[in-house]
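Working notes, structure below.
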Amino acid sequence: MIKGIIFDFDGLILDTETHHYRILQEMFAEYGSELPIERWQQEIGTQTGFSPFHYLEELIEQEIEHKELQERLVEKFHVKLMEEKARDGVEDYLKAAKELGLKIGLASSSDYEWVSKYLKNLGLFDYFECIRTSDDVEKVKPDPALYVQAAECLGLRPEECVAFEDSANGAMAAKRADMGCVIVPNEVTCTMDFCEVEHRLSSMADMPLEELIDHLNGLKVSK
């Protein structure tokens with residue numbers, strides 16, 4: 001039976017991914033270009049070293065000022081995220097998990113400084129008993145290490161946990177860790193090609209956590 005839930009962060013709790021993409025699209029448009037959503041989706045939920053501004057240079061076939069553009073991107077992104085609220089249903093799920101006696105963890109391919117800063121701004125930091133980030137592993141998602149470590153930190157086996165993810169890379173990491181996975185895609189990940197998962201929601205507001213856990217436990221029993 002499920003004893004713990006482990007959340008992704010970017011795109012799932014806070015929709016950083018949609019805002020990041022929109023800001024980049026605005027900046028690409030200044031050069032008469034665009035960043036294809038399919039190309040951006042390859043970067044979501046993982047770290048590949050992709051540089052959007054080097055990519056822009058390739059598209060427009062001219063050199064651009066990376067430092068100035070990067071500074072503008074960071075400033076615009078930070079301002080937007082500090083104003084943003086958590087996605088619908090997220091805090092309700094965290095509260096319900098506490099009431100149900102479930103352990104709560106987080107596994108993110110971003111670094112701890114990033115995750116903790118925005119969790120605190122959202123007022124959600126204290127819900128999490130364990131946070132594992134890129135600082136803790138050699139390989140991020142889709143490698144399973146983040147989920148394996150998060151489960152271990154909670155004192156649970158991976159099969160006793162369910163992961164909540166918004167990206168294909170994240171879902172793959174959870175499944176490779178032998179963990180159940182519920183996907184809650186956002187605007188820029190909803191068209192991704194996901195691996196087989198236990199359930200898909202358009203929003204956590206669509207189904208109470210207790211009902212979802214009962215459904216997932218039922219799937220385990222029927223196997």
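The values are calculated or read from the model by the stated rules, or taken from the named source; none is laboratory data. Computed from a prediction, not measured in an experiment: that's the story for all the values here. Note that each Cβ is placed from the backbone with ideal geometry, even for glycine, and that neighbours are counted across all protein chains shown. Note: accessible area is taken over every heavy atom of the protein model, side chains too, but ligands, DNA and RNA are not part of it. Shrake-Rupley method; radii C 1.70, N 1.55, O 1.52, S 1.80 Å.
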Residue match in the range 210-219 (condition: buried (at least 24 other Cβ atoms within 10 Å of the Cβ), in contact with a strand residue (DSSP E or B) (Cβ under 9 Å, 6 or more places away or on another chain) and within 16 Å of Ile5 (Cβ to Cβ)): no
Boolean, Glu99 is open to solvent by 20 Å² or more (accessible area, probe 1.4 Å), at pLDDT 95 or above and either touching a Lys or Arg at 6+ places or on another chain (Cβ under 9 Å) or not in a strand (DSSP E or B) (or both): yes
Considering residues of the range 36-60 that are outside any helix (DSSP H, G or I) and free of Cβ contacts under 8 Å to residues at least 40 places away in the same chain only, the residue most open to solvent (accessible area, probe 1.4 Å): Gln42
Residue within the range 145-155 that is touching a residue at least 24 places away in the same chain (Cβ under 8 Å), over 18 Å from Ser108 (Cα atoms) and more than 16 Å from the chain's Cα centre (by Cα) present: yes
In the range 15-35, residue least open to solvent (accessible area, probe 1.4 Å) [restricted to those that are outside any helix (DSSP H, G or I) and within 29 Å of Met204 (Cβ to Cβ)]: Leu35
Filter result for Val140 (assigned to a loop (DSSP other than H, G, I, E, B), closer than 22 Å to Glu196 by Cβ and among the aliphatic types (A, V, I, L, M)): yes
Subset tally (residues that are open to solvent by less than 10 Å² (accessible area, probe 1.4 Å), farther than 24 Å from Leu35 by Cβ and either acidic (Asp, Glu) or more than 12 Å from the chain's Cα centre (by Cα) (or both)) for the range 156-173: 2
Matching residues, the range 195-214, being in contact with a Cys (Cβ under 9 Å, 6 or more places away or on another chain) and either in a strand (DSSP E or B) or in contact (Cβ under 8 Å) with a residue 24 or more places away in the chain (or both): Cys195, Val197, Glu198, His199
Scan of the range 106-117 for residues that are more than 13 Å from the chain's Cα centre (by Cα) and part of a strand (DSSP E or B), ordered by number: none
The range 182-209, residues that are under 15 Å from Ile5 (Cα atoms) and either modelled with pLDDT under 95 or in contact with a Lys or Arg (Cβ under 6 Å, 6 or more places away or on another chain) (or both): Ile183
Condition met for Leu81 (outside any strand (DSSP E or B) and over 20 Å from the mean Cα position of the chain (by Cα)): no
